[in-house]
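A short write-up of the structure that comes next.
Nothing in this text is a laboratory measurement; each read-out follows from the coordinates by a stated rule. All of these numbers come straight from a predicted model, not from anything done at the bench. Glycine also receives a Cβ, built like all others from the backbone with ideal geometry; neighbour counts cover every protein chain displayed.
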Number of protein chains: 2
Amino acid sequence: MRSELNITEAPKTEIRAENERLILNAAEAVFAEHGFRGATMQMIADRAGLPKANLHYYFTSKEGLYRQVVERIFFIWLEAADAFETSAGPAAGLSRYIARKMELSRTHRHGSKVWANEVMQGAPLVQDTLETALREWTDSRISAIEGWIAAGQMRPVNPRWLLYMIWATTQHYADFAHQIETLNGARPLSDAQWAEATRTVCGIILGGLGLHAGPAA
Amino acid sequence: MRSELNITEAPKTEIRAENERLILNAAEAVFAEHGFRGATMQMIADRAGLPKANLHYYFTSKEGLYRQVVERIFFIWLEAADAFETSAGPAAGLSRYIARKMELSRTHRHGSKVWANEVMQGAPLVQDTLETALREWTDSRISAIEGWIAAGQMRPVNPRWLLYMIWATTQHYADFAHQIETLNGARPLSDAQWAEATRTVCGIILGGLGLHAGPAA
DNA sequence: AGAGAACTTGACTGATTGGTCAAGTCTGGT
DNA sequence: ACCAGACTTGACCAATCAGTCAAGTTCTCT
């Protein structure tokens, strides 16, 4: 058997791997555009180019499919946190994290919306993830920021509100992309606009913390 | 006939006014918690304490009811903009606007979520509002900020990204309230926490624009 | 008191949709 | 060539839900 190392799951055939990927991508888009209840298995099937019954061969239920979509974006965001740790001080760490989250808002718009939807509805399916993984992650980042403050490397603010501000601002560009594009003359933001928005967000936040804008991440 | 002046709508009986209010409030909460498709007329009826058939006596359809809920929060936000105009300079204007939007996130959590949901799904029902009312409002605020910049009253930034940052950050406290409360030990933010969060948001944004924090709004 | 309008409500209906199933087809190993 | 397991799929079913309706009850005005 030549599959990659695969801790929890049974080895997959090529066909299975490919079809699961097709279905997950279609599901992410459809859940993002219509919400959990608004999405139908038929829409997802059409988008994936497969008959509906096939979806139930690979995923036990609509809810199971949805859960995998939600977890996927969460772990992508978690990885973005690496920008934080490996950096010397707050200016580089925060601006790299912000830039990375902005990038993810551009490339993973659908996932971000699905997450927002799930949380807005009270996280019926990922409450345990919030209480464990997100809580741990947040606490560790708060400690890191408190360290910077204690070392006099940035203006003292409650790190919690700072983190929320970064999440809110960056994810807004994914979740409210439609509004932003409407206000942009019904056109997506250009490369230059994304870059300027990222620079502005970094500039205001770092400036507000008494830092100079870091390298253009 | 003693009804208030009422431009577009027919005069209403007391009973009608009261029941429409009951239903709209119930609908706002249910749409916020379940999304448009996830909400059922039966849930709204139960929350309003009325039989379902009664809802259809006052509102022609689920969609009509939803539209009124969405429009209500939009006009509440529009009014918050007054904080902007009537202020002397950027420090007072922006911090009053931010404080007002934070307050609305606390008092109108449901409405904010309904709006977020609607926009995330591509604004199928309020696209015209985005293109007209929101666009006009935004353009006028952008001009105001550009005026401040031209007068050297604040650091030059693209006002558009600044506005998005304010919207994102303040609305995050409504839309992601569940996540924030989970990270707060499953308890709502206290008065003191709301005040501190507001001060922190104002402080970072004003600081990032080269301003001193305004009066505690 | 009486008439007409406003309001109330339980029972019903047609359409939608998540999920099932049984009858297939395809593929790799021997 | 043949078999077993993996995969495919059209047809179907039971549950849910927006909206209707007709038979009421309660107001309001004279």
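Would you mind telling me which residue in A:E196, A:E71, A:E103 has the biggest mean-square fluctuation in a Gaussian network model of chain A, where springs connect alpha carbons within a distance under 10 angstrom?
Result for chain A, Cα springs under 10 Å: A:E196 fluctuates most.
Suppose every Lys and Arg Cβ carries +1 and every Asp and Glu Cβ carries -1, with no other charges. What dipole size does the protein assembly as shown come out with about its Cα centre, to the nearest 20 debye? Working shown, then result.
Values: 44 positive and 48 negative charges, 10 e Å.
About 40 debye.
Could you give the angle, 0 to 90 degrees to the nearest 10, between helix B:159-175's Cα long axis and the longest principal axis of the Cα atoms of chain B?
For helix B:159-175, the angle is close to 50 degrees.
Along Cα-to-Cβ, 7 Å out, sits the label point; list in nm, shortest first, how far the one on A:R16 is from those in the other copies.
6.3
Top mean-square fluctuation among A:L162, A:L104, A:L24, Gaussian network model of chain A, C-alpha springs under 10 Å?
A:L162
With a ≥ b ≥ c the root eigenvalues of the C-alpha gyration tensor of the stretch A:102-217, is it rounded (a/c under 1.5), prolate (a/b larger than b/c) or oblate? Don't skip to the end; give the middle numbers.
Working: a/c = 2.66, a/b = 1.12, b/c = 2.37.
It is oblate, given that a/c is not under 1.5 and a/b is not larger than b/c.
In whole percent, what relative contact order does chain A give with Cα contacts below 8 Å and a gap of six or more residues?
On the way: 174 pairs, mean separation 47.7, N = 217.
That works out to 22 percent.
I need the shape label for the protein assembly as shown. Rule: rounded when a/c is under 1.5, else prolate if a/b > b/c, else oblate, with a, b, c from the alpha carbon gyration tensor.
On the way: a/c = 1.71, a/b = 1.01, b/c = 1.69.
In terms of gyration-tensor shape, oblate.
Which shape class applies to the stretch A:88-134: rounded if a/c is under 1.5, otherwise prolate when a/b exceeds b/c and oblate if not, where a ≥ b ≥ c are the square roots of the Cα gyration tensor eigenvalues? Walk me through the numbers on the way to the answer.
Values: a/c = 3.86, a/b = 1.64, b/c = 2.36.
Taking the square roots of the gyration eigenvalues as a ≥ b ≥ c, the stretch A:88-134 is oblate.
Shortest first and in nm to one decimal, what separations exist between A:A144 and its copies in the other chains, measuring from label points 7 Å along the Cα-to-beta-carbon line?
3.7
Shortest first, in nm, what separates the label point of A:A88 from those of the same position in the other copies (7 Å along Cα→Cβ)?
4.3
Let me know the Rg and Dmax you get for chain B when you use only its Cα atoms, in Å.
Radius of gyration, then largest Cα-Cα span, for chain B: 19.5, 60 Å.
How large is the convex hull of the C-alpha atoms of the stretch A:14-59 per residue, in Å³?
Details: hull volume 2.7 nm³, N = 46.
Measuring per residue, one finds 58 Å³ for the Cα hull of the stretch A:14-59.
With springs only between Cα atoms under 10 Å, which of A:A39, A:A192, A:A116 fluctuates most in a Gaussian network model of chain A?
A:A192
Anything over 29 Å Cα to Cα? Flag those among A:K52/B:K113; B:K12/B:K101; B:K52/B:K101; A:K52/B:K52; A:K52/A:K113; A:K52/A:K101, in the order listed.
From A:K52/B:K113; B:K12/B:K101; B:K52/B:K101; A:K52/B:K52; A:K52/A:K113; A:K52/A:K101, over 29 Å: A:K52/B:K113; B:K12/B:K101; B:K52/B:K101; A:K52/B:K52; A:K52/A:K101.
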